[in-house]
1. Identify, from the list Lys49, Lys95, Lys74, the residue that is basic (Lys, Arg), more than 15 Å from the ligand (Cβ to nearest atom) and within 24 Å of Ala197 (Cβ to Cβ).
2. For residues in the stretch 98-130 being free of Cβ contacts under 8 Å to residues at least 60 places away in the same chain and hydrophobic (A, V, I, L, M, F, W, C), which is nearest to the ligand (Cβ to nearest atom)?
3. Being away from the ligand (no atom under 16 Å from the Cβ), in contact (Cβ under 8 Å) with a residue 60 or more places away in the chain and in a helix (DSSP H, G or I) is the filter here; which residues of the stretch 204-234 pass it?
4. Return a yes/no flag: does the stretch 231-239 have any residue that is loosely packed, with under 15 Cβ neighbours inside 10 Å and farther than 30 Å from His300 by Cβ.
5. Considering only the stretch 21-67, how many residues are of a type in the set (Lys, Arg) and under 13 Å from Gln4 (Cβ atoms)?
6. Name the residue, out of Leu282, Leu295, that is touching a residue at least 12 places away in the same chain (Cβ under 8 Å) and of a type in the set (A, V, I, L, M).
7. Out of (1) touching a residue at least 40 places away in the same chain (Cβ under 8 Å); (2) under 21 Å from Ala214 (Cα atoms), the odd one out for Val198 is which?
Amino acid sequence: MTLQDTADKISSMEIRGAGKIARAAAEALRDHGTTVQTADVDAFRKEMKRAGDVLLATRPTAVSLPNAINFVLKSMGDTSTSEEALEALATAAEKFIEDSKDAVARIAAIGARHIRDGDTILTHCNSQVALACIIEAHRQGKQIEVFATEVRPRNQGLLTIKALNAAGITTNYIVDSAARSFMREIDCMIIGTDAVAVNGSVVNKIGTSQIALAAHEARVPLLVAAETYKFAPRTMTGALIPIEERNPSEVLDDAIAVTLPHVRVRNPAFDITPADYIDLILTEKGAIPPEMAYLIIREHLGWTIDDLR
Ligand code: RUB
């Protein structure tokens, strides 16, 4: 697959979900490196930086994307030939991909510990790592049941119920607006995330914050599964996570929209859930309260304020 193919698949959401986007970007940089024909290391670096920018332009919200790209491109720092740079790039890309898969497995084990026998779990959207926690708890023999939302407008809930069904987990499929109505039946809510800010708030699929609010009201704990590369270093200096607004046609058919000239369709793909509504963030380094997000950014991602000046 060419760099542009990967970029197109991320934009169109054929490749979607923050973890998969990040791994696809690392893979695309690794493969693109092998196609760059130059013996000049600076020209090589420049072309790889351009390739990183092409991938970055695909979707703005999942911070796993810039984190993966930075990790891979940074590896070329001390190299003095294009061969060395290519090798460093390939090694870093492989490491990112392997560490990412390993992180999902570790979080699954940690998340499963927070799920009790008999729990009914609510999830929203289609998060590989949140599902991994649920499926691991089931694998351990815990009798669990899941409520999964439909996830308008792109129906990622369909992917979720297929995965849960394949795992043999009893699942209730509900429309997004039914989440509060069923909250009394829920013991805990588990979601993934596209970005964790330094203040512990998390960005996830549109609708998450409404459901989290309903969970908070009902004192249902909210667990957010987040590999450390989903933490956003730039939020340390007050930068906001950009919220992607997608094409109106995902919400309202163009043929209908054209008959309604006074109607404007808004289609934000994500929203922000405040740290106050979050009980724990499950990372591969352990489960932390949202207030400890800064420690992950500093100690595990290695960013300090000075790096951002
Ligand atoms: C996906 C989404 C997922 C997170 C986490 O949105 O909001 O909850 O990306 O997913 P979209 P994962 O479908 O618009 O990409 O745990 O798989 O990284």
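The values are calculated or read from the model by the stated rules, or taken from the named source; none is laboratory data. Fair warning: this is a prediction, and the values are worked out from it, not measured in the lab. Glycine also receives a Cβ, built like all others from the backbone with ideal geometry; neighbour counts cover every protein chain displayed.
1. Answer to the selection: Lys74.
2. So the residue we want is Ala108.
3. Across the stretch 204-234, the qualifying residues are Leu213, His216, Pro233, Arg234.
4. Scanning the stretch 231-239 turns up no residue that is loosely packed, with under 15 Cβ neighbours inside 10 Å and farther than 30 Å from His300 by Cβ.
5. Count: 1.
6. Leu282
7. Condition (2) is where Val198 drops out.
Let's see how each residue does on (1) surrounded by fewer than 20 Cβ atoms within 10 Å (Cβ to Cβ); (2) more than 26 Å from Ile288 (Cβ to Cβ); (3) under 19 Å from the mean Cα position of the chain (by Cα); (4) not assigned by TED's automatic domain parsing to the domain that holds Arg246:
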{"residue": "Ser127", "(1), (2), (3), (4)": "no, no, yes, no"}
{"residue": "Ala130", "(1), (2), (3), (4)": "no, no, yes, no"}
{"residue": "Ile134", "(1), (2), (3), (4)": "no, no, yes, no"}
{"residue": "Gln143", "(1), (2), (3), (4)": "yes, yes, no, no"}
{"residue": "Leu158", "(1), (2), (3), (4)": "yes, yes, yes, no"}
{"residue": "Ala167", "(1), (2), (3), (4)": "yes, yes, no, no"}
{"residue": "Asp176", "(1), (2), (3), (4)": "yes, yes, no, no"}
{"residue": "Phe182", "(1), (2), (3), (4)": "yes, yes, no, no"}
{"residue": "Asp187", "(1), (2), (3), (4)": "yes, no, no, no"}
